[in-house]
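Asks: One structure is given below, represented as structure tokens, and several questions about it will come after.
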Amino acid sequence: MVFEDTALLSRILTLLTLSFHIIYATIGVGVPLMIMIAQWVGIKKNDDHYILMARRWARGFVITVAVGVVTGTAIGLQLSLLWPNFMQVAGNVIALPLFMEVFAFFFEAIFLGIYLYTWDRFEDQRKHLLLLIPVALGAAASSVFITIVNAFMNSPQGFEVLNGELVNVSPFLAIFNPAMPTKVAHVVATAFLTCAFLLASIAALRMIRGSNHIYHKKALHLTMKLGLVFAIATAIIGDFSGKYLAEYQPEKLAAAEWHFETEEGADLVLFGVLDGEEPKYAIRIPYALSILAHGLPDSEVTGLNEFPKDEVPPLWIHYLFDTMVSIGMWLAFISFVYFVASWRGWKFIKQKWFLWLTLISGPLALVAIEAGWWFTEVGRQPWILRGYMTVEEAATTSGQVDLMIILFAGLYFILGIGTIVVLLRMYKRNPIEKELADREAQRDGGKE
Amino acid sequence: MTLTLEIIGISVLWLFLFLYVIVASIDFGAGFFNAYSAFTNKQHILTNIIQRYLSPVWEVTNVFFVFFFVGIIGFFPQTAFYYGTTLLVPASIALVLLAIRGSYYAFATYGAKINHRGYIYMYGLSGLLLPAALSPVLAISEGGFINMVDGNPQLDYWALFTSPLMWSIVVLSLTAVLYISAVFLTWYANKAGDVKATDLMRKYALIWAGPAIITATGIIYELRGHSPEHYENLIGLWWVFAISFLLFAGTVYLIWKRRNYGLAFILLVGQFFTAFFAYGFSHFPYLLYPYLTIYDSFTNETMAIALIVAFIAGLGLLLPSLYLLFRLFLFDKEYVKGKSDYHA
Ligand code: HDD
Ligand code: HEM
Ligand code: HEM
């Protein structure tokens with residue numbers, strides 16, 4: 001009884017920390033690339049606006065990174081504190097990418113420190129831009145490595161269990177597990193996607209507030225174009241992720257799609273409610289599930305009837321999957337509309353209602369990130385290491401997890417509020433119009 | 001003792017833990033001195049130095065810590081079972097304290113400059129509480145505080161909190177943090193040409209030198225009662241501690257004479273390096289007395305080799321980058337003097 005309880009509490013605390021960390025981590029992965037692109041465009045076009053864009057984004061970025069480091073340290077330790085039995089196995093088989101991740105952190109942290117404190121220190125802007133490359137690489141690498149660990153949890157391989165002992169360990173087989181290619185690609189692409197839309201939201205917000213400055217139009221244009229590219233990439237990779245699931249974790253896909261009986265030519269079920277085993281009020285897209293799973297309209301999709309009852313994940317992950325996919329479609333749609341309209345010179349994209357739609361897209365992308373992770377993690381239940389170890393077996397036996405949940409919930413609440421307040425204050429005190437005017441004044445007053 | 005994979009693994013981890021102790025002490029202590037000078041209304045003599053040196057490097061400092069706890073799970077996976085299960089509460093408290101420090105840099109020095117006094121005090125206080133929260137692990141590793149209940153390890157808080165050994169380790173960690181930090185900041189302030197800050201930090205360095213050495217000796221005394229076996233090993237290494245003491249005397253002499261603060265800091269690193277490694281060596285082969293040794297908790301050979309190769313490759317990347325960082329923020333005269341502000 002007590003045993004089960006600590007497993008549940010540990011899940012809640014893990015969920016809490018990861019759901020919070022992932023917001024900052026996603027920003028940490030995607031924003032350096034956006035800064036890099038803006039600065040590069042600025043140098044190439046010799047346009048001060050883009051340089052300033054990079055600089056202003058970088059200022060906000062420092063703050064999110066710092067909170068990302070704090071929460072990342074928390075989850076890093078919590079994995080051992082809450083799941084000691086799992087980490088003992090993980091340490092034997094999948095420690096390599098975890099270890100390499102630390103070097104990625106080092107790399108990122110070092111160059112970020114240098115980049116931030118060397119604005120205008122070099123004569124040649126390009127040298128300064130060079131310093132950002134290790135930051136972007138380090139951040140992307142850390143997400144790649146940690147996602148590899150998560151992929152391993154979903155499709156473990158590279159070891160054998162003999163009388164309860166781990167033998168024949170191959171760290172490389174463990175790293176290159178079947179879940180890894182799609183998962184890594186999808187996580188990195190969605191981080192870029194989310195950051196493009198978050199930055200677009202900020203530009204849209206300024207324009208809704210009545211600023212007519214060309215700076216915001218440039219920012220919106222750049223981020224929406226990037227958003228379109230990554231939205232398309234995300235959908236394509238997401239499709240591959242579905243095919244991976246059909247092959248290696250069919251129970252997750254079946255639960256997500258309320259697909260009870262194995263059948264050919266399966267429909268995709270969108271939304272709806274479940275009445276026994278019968279989806280009601282749902283939108284059904286004929287053959288779409290078969291296409292998602294295997295690429296052919298009449299292929300066979302494994303149903304939940306093939307799995308023991310206690311190995312079927314909770315069925316409510318259906319809504320998480322739908323939320324993620326719907327938001328993905330929406331992001332592709334709105335950035336496509338923007339792209340076509342700006343190409344044809346249509347004016348409606350400058351109107352308030354369209355800006356509002358752009359504004360909500362950034363937060364929606366974050367919702368999709370959360371929904372996607374919850375879907376993957378809850379969809380792995382009851383396993384922590386699919387097929388080998390359940391969550392119950394992995395959890396700590398320590399009796400104080402409940403107190404820690406309260407402690408960390410309070411901490412994240414304060415950190416979350418703090419981030420928002422500080423970011424708002426920072427940009428309010430120094431709006432772009434003021435900063436541009438200051439720079440002009442400085443330049444007219446002769447070189448420093 | 002031959003050079004086995006186990007020895008390489010533990011040496012790498014111990015080295016990074018040592019580096020963390022040094023860089024984190026500088027960070028923790030600076031926060032405390034800053035808060036103290038705010039408290040005594042000394043016009044934030046140190047604030048400038050903290051912003052110049054600590055803000056660009058605190059994330060790197062943090063990674064040393066991450067390196068240690070990720071690395072130890074990699075090389076010695078069984079530690080997850082023993083330490084992971086028992087340390088939930090102290091480690092969580094340490095995480096919250098780390099969060100206070102991280103958010104101070106984010107919110108107060110980079111961001112909107114929330115320089116509320118309460119925040120400065122919290123930041124300073126967390127610098128003292130952190131060593132107090134982390135160092136009991138060293139006491140726990142001596143054995144006697146973890147009991148096996150139904151095959152699961154449990155921390156005996158009562159035994160821990162009433163143990164003189166635990167408290168003397170905590171006191172040592174506090175004095176060491178303040179001493180290390182004061183010596184470093186004396187040097188840095190001197191480089192920055194800030195006479196007032198140099199004098200203040202020099203005074204602190206001299207004040208904390210005595211307590212640091214006395215508490216360090218106290219531990220050896222406490223170990224004699226608590227872990228006779230460990231004590232014997234320590235005494236066998238008396239000559240290393242003698243070297244460590246000479247280095248200590250050198251640092252104090254130089255600081256006293258106001259000479260060559262850079263060399264004084266290097267001697268201090270040497271002092272702690274010798275003592276830290278002699279201590280670690282005498283602890284050998286236990287990771288947790290008497291349950292875990294580095295041999296029975298070690299990972300499989302394939303993983304160990306992979307980790308060591310990754311470590312060497314990573315170091316090839318890390319060392320030049322660290323060199324660049326220090327050249328720009330520690331050894332660049334213009335920057336240190338605060339002549340130019342290049343923050344984004
Ligand atoms: C902005 C965020 C976002 C968007 C728009 C999408 N996804 Fe996603 N998805 C994620 C963010 C995400 C994620 C957070 O990155 C996940 C969670 C864990 C993972 O590997 O990636 C994920 C997981 C994930 C999985 C589970 C993989 C697994 O469990 O191994 C599938 C099948 C898809 N996605 C498919 C899609 C499809 C078909 C989309 C259609 C456009 C889509 N995703 C849009
Ligand atoms: C990338 C490496 C990751 C690892 C190693 C990891 C590990 C774990 C572990 C050990 C658990 C507890 C067992 C379980 O309930 O399934 C868990 C659960 C969970 N994780 Fe992950 N996780 C990772 C990524 C993420 C991310 C980025 C999120 C983002 C939100 C996330 C969300 C969750 C959630 C919501 C649960 C709770 C599931 C439930 O209650 O059923 N995970 N994860
Ligand atoms: C179980 C899951 C995870 C663990 C244990 C973990 C661990 C950590 C740790 C320890 C840090 C702080 C590093 C430092 O001190 O500099 C960190 C930061 C970071 N993490 Fe996570 N992380 C997890 C999930 C993720 C995921 C899923 C992503 C990406 C999609 C990610 C991306 C990052 C990035 C980019 C940073 C750098 C800080 C930032 O830019 O915000 N992490 N993480």
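The values are calculated or read from the model by the stated rules, or taken from the named source; none is laboratory data. Values in this document were obtained by computation on a predicted structure and should not be read as measured data. Don't worry about glycine lacking a Cβ; one is built from the backbone with ideal geometry, like all the others, and counts go over all protein chains shown. Heads up: the accessible areas ignore ligands, DNA and RNA and are worked out on the full protein's heavy atoms, side chains in. Shrake-Rupley method; radii C 1.70, N 1.55, O 1.52, S 1.80 Å.
Asks: For the range B:169-262, count the residues as N, evaluate 2.2 N^0.38 Å, and divide the Cα radius of gyration by that value, please.
Replies: Working: Rg = 15.5 Å, N = 94, 2.2 N^0.38 = 12.4 Å.
Rounded to two decimals, the normalised Rg is 1.26.
Asks: If you don't mind, another one. Report relative contact order for chain B in percent, whole number only (criteria: Cα-Cα under 8 Å, sequence separation at least 6).
Replies: Numbers: 372 pairs, mean separation 76.2, N = 344.
That works out to 22 percent.
Asks: Specify which residue in the list B:S55, A:L166, B:I73 is farthest towards the positive end of the charge dipole of the protein assembly as shown, using unit charges on the beta carbon of Lys, Arg (+1) and Asp, Glu (-1), about the Cα centre.
Replies: Most positive-ward Cα: B:S55.
Asks: With a 1.4 Å probe and every protein chain left in place, tell me how much accessible area A:E300 has, in Å² to the nearest 10.
Replies: Looks like 100 Å² after rounding.
Asks: Straight distance only, please: which aspartates and glutamates reach the Cα of A:K218 with their own Cα at less than 16 Å, same-chain residues fewer than 8 apart left out?
Replies: A:D47, A:D48, A:E433
Asks: Given axes a ≥ b ≥ c from the Cα gyration tensor, I'd like to know whether the range A:266-367 is rounded (a/c under 1.5), prolate (a/b larger than b/c) or oblate.
Replies: Values: a/c = 3.12, a/b = 2.15, b/c = 1.45.
Since a/c reaches 1.5 and a/b is larger than b/c, the shape of the range A:266-367 is classed as prolate.
Asks: What does the accessible area per residue of the range A:208-325 come to in Å², with a 1.4 Å probe and no ligands, DNA or RNA counted?
Replies: Here the per-residue accessible area is 49 Å².
Asks: For chain B, set up a Gaussian network in which alpha carbons nearer than 10 Å are linked by springs, and say which option among B:N300, B:N62, B:N190 fluctuates the most.
Replies: Highest fluctuation among the options: B:N300.
Asks: Then there is this: Helix B:88-103: angle to the longest alpha-carbon principal axis of chain B, degrees 0 to 90, nearest 10?
Replies: It is inclined by approximately 20 degrees.
Asks: How large is the Rg to Rh ratio of the range A:342-405 when both quantities use alpha carbon positions and Rh follows Kirkwood?
Replies: Numbers: Rg = 21.8 Å, Rh = 16.1 Å.
With Rg and the Kirkwood Rh in hand, the quotient comes to 1.36.
Asks: Per residue of the range B:28-41, what does 6.51 cos²θ - 1.76 cosθ + 1.60 with θ = phi - 60° give for ³J(HN,Hα)? Whole Hz please, x for Gly and Pro, Karplus curve as stated.
Replies: Per-residue couplings from phi come out as 4, x, 4, x, 5, 4, 4, 5, 5, 6, 5, 5, 8, 6 Hz.
Asks: Kindly give the semi-axes, whole Å and largest first, of the ellipsoid equivalent to the range A:356-448, taking each as the square root of 5 times a Cα gyration tensor eigenvalue.
Replies: Numbers: eigenvalues 439, 76, 35 Å².
They are 47, 19, 13 Å, listed largest first.
Asks: Does anyone have the angle between helix B:117-134 and the longest principal axis of chain B? Alpha-carbon axes, 0 to 90°, nearest 10?
Replies: 30
Asks: Further question on the same structure: Send over the Kirkwood Rh of the range B:108-179, from the inverse of the averaged 1/r over different Cα pairs, rounded to one decimal Å.
Replies: Result for the range B:108-179, one decimal place: 14.4 Å.
Asks: Among B:236-248, A:378-390, how do they line up by average Cβ neighbours within 10 Å per residue, starting with the highest?
Replies: Values: B:236-248: 15.5, A:378-390: 18.7.
Put in order of decreasing packing, that is A:378-390, B:236-248.
Asks: Moving on to the next point. Set the Förster radius R0 to 56 Å, insert the Cβ-Cβ distance between B:L315 and A:R209 as r into 1/(1 + (r/R0)^6), and round the FRET efficiency to 0.05. Let's see the in-between values first.
Replies: On the way: r = 50 Å, r/R0 = 0.89.
With R0 = 56 Å, the Cβ-Cβ based efficiency is 0.65.
Asks: Across the Cα atoms of the range B:192-344, what radius of gyration and what greatest pairwise Cα-Cα distance (Dmax) are found, in Å?
Replies: So, for the range B:192-344, Rg and Dmax equal 20.8, 56 Å respectively.
Asks: For A:S170, what residues show an amide H to amide H distance below 5 Å, using hydrogens built from the backbone and excluding near sequence neighbours?
Replies: Correct list: A:F159.
Asks: While we're looking at this one, here's another question. Which one of A:I236, B:F281, A:A332 is farthest out on the positive end of the charge dipole of the protein assembly as shown, using unit charges on Cβ (Lys, Arg +1; Asp, Glu -1) and the Cα centre as origin?
Replies: Checked the options; the winner is A:A332.
Asks: Distance in nm between label sites at B:D150 and A:K347, each 7 Å beyond Cα in the beta-carbon direction?
Replies: Here the modelled spin labels are 7.4 nm apart.
Asks: Let me ask something else. Over the range A:221-324, with a single point scatterer placed on each C-alpha, what log10 of the ratio I(q)/I(0) does the Debye formula yield at q = 0.16, 0.18, 0.24 1/Å?
Replies: Rounded to two decimals, the profile gives -0.69, -0.84, -1.35.
Asks: Here is a follow-up. Please work out whether the protein assembly as shown counts as rounded, prolate or oblate from its C-alpha gyration tensor, where a ≥ b ≥ c are the square roots of the eigenvalues and a/c under 1.5 means rounded, while otherwise a/b larger than b/c means prolate and anything else oblate? Walk me through the numbers before you get to the answer.
Replies: Values: a/c = 2.19, a/b = 1.21, b/c = 1.81.
Here the protein assembly as shown falls in the oblate category.
Asks: Could you work out, residue by residue across A:396-402, how many beta carbons of other chains sit within 10 Å of that residue's beta carbon, and then give the average as an integer? Please list the in-between numbers first.
Replies: Values: counts 6, 9, 10, 3, 3, 3, 0.
Per residue, the average neighbour count from other chains is 5.
Asks: When the dipole is taken about the Cα centre of the range B:159-277, and only Lys, Arg (+1) and Asp, Glu (-1) are charged at their Cβ, what size is it in debye, to the nearest 20?
Replies: Numbers: 8 positive and 5 negative charges, 127 e Å.
Dipole about the Cα centre, nearest 20: 600 debye.
Asks: Efficiency by 1/(1 + (r/R0)^6): what FRET value for A:E160 and A:N305, r their Cβ-Cβ distance, R0 = 25 Å, to the nearest 0.05?
Replies: Working: r = 30 Å, r/R0 = 1.21.
In this case the efficiency is close to 0.25.
Asks: Please compute P(r) over all alpha-carbon pairs of chain B, binned at 10 Å starting from zero, and give each bin as a whole-number percent.
Replies: Going from the shortest bin to the longest, the percentages are 5, 23, 33, 26, 11, 2, 0.
Asks: Same structure, new question: Mind checking the full-extension length gain between A:K127 and A:E435? Use 0.36 nm per residue of separation minus the Cα-Cα distance, one decimal, nm.
Replies: Working: separation 308, 0.36 × 308 = 110.88 nm, distance 2.34 nm.
Length gained, A:K127 through A:E435: 108.5 nm.
Asks: Please compare each pair in A:K44/A:K352; A:K225/A:K280; A:K127/A:K183; A:K350/A:K434 to a cut-off of 28 Å on the Cα-Cα distance and tell me which ones are over it. Spell out each step's value before the answer.
Replies: Details: A:K44/A:K352 32 Å; A:K225/A:K280 38 Å; A:K127/A:K183 34 Å; A:K350/A:K434 23 Å.
Long pairs (Cα-Cα over 28 Å): A:K44/A:K352; A:K225/A:K280; A:K127/A:K183.
Asks: 5 Å is the cut-off here: which amide hydrogens, built 1.01 Å from N in the peptide plane, fall below it relative to A:E263, excluding neighbours closer than 5 in sequence?
Replies: Residues meeting the criterion, in which the H sits 1.01 Å from N, are A:V301, A:G303.
Asks: Assign one of three labels to the range A:113-240, namely rounded, prolate or oblate, based on the Cα gyration tensor with a ≥ b ≥ c the square roots of its eigenvalues; rounded applies when a/c is under 1.5, prolate when it is not and a/b is larger than b/c, and oblate otherwise. Intermediate results must be reported in sequence, preceding the final value.
Replies: On the way: a/c = 3.80, a/b = 1.89, b/c = 2.01.
It comes out oblate by the Cα gyration axes.
Asks: Hey, can you grab everything whose amide H is under 5 Å from the amide H of B:L292? Only 5+ residues off in sequence or another chain; H modelled, so Pro and N-termini drop out.
Replies: Those qualifying (amide H under 5 Å, at least 5 residues apart or on another chain) are B:L287.
Asks: While we're on this one: Report, to the nearest whole %, how much of the accessible area of the protein assembly as shown belongs to carbon and sulfur atoms, 1.4 Å probe, protein only. Let's see the in-between values first.
Replies: On the way: 22280 of 33160 Å².
With neighbouring chains kept in place, the figure for the protein assembly as shown is 67 percent.
Asks: How much accessible surface area, in Å² rounded to 10, belongs to the heavy atoms of A:D298 with a 1.4 Å probe?
Replies: 100
Asks: To the nearest whole number, what is the average tally of beta carbon atoms from other chains within 10 Å of the beta carbons of peptide B:304-310? Before the final figure, lay out each step's value.
Replies: Values: counts 1, 1, 9, 6, 0, 1, 8.
Per-residue shielding by partner chains comes out at 4.
Asks: Quick one: angle between helix B:164-191 and the longest Cα principal axis of chain B, in degrees between 0 and 90, rounded to 10, please.
Replies: 30
Asks: Using a Förster radius of 45 Å, what is the FRET efficiency between A:V229 and B:K196 based on their Cβ-Cβ separation? Nearest 0.05, please.
Replies: Values: r = 55 Å, r/R0 = 1.22.
Computed FRET efficiency for A:V229 and B:K196 comes out at 0.25.
Asks: Membrane-span-like helices in chain A: DSSP H runs reaching 20 Å or more (Cα, own axis), mean Kyte hydropathy at least 0.0? Mind dumping the intermediate values first?
Replies: Values: long enough: A:2-45 (64 Å, 1.23); A:48-82 (49 Å, 1.00); A:95-116 (32 Å, 1.92); A:125-154 (44 Å, 1.17); A:180-208 (41 Å, 1.56); A:214-248 (50 Å, 0.61); A:317-344 (41 Å, 1.19); A:352-378 (39 Å, 1.05); A:401-429 (41 Å, 1.66).
Flagged H segments are A:2-45, A:48-82, A:95-116, A:125-154, A:180-208, A:214-248, A:317-344, A:352-378, A:401-429.
Asks: What Kirkwood Rh does chain A have if only Cα atoms enter the pairwise 1/r average? Answer in Å. Spell out each step's value before the answer.
Replies: Values: mean 1/r = 0.0422 Å⁻¹.
The Cα-based Kirkwood calculation yields 23.7 Å.
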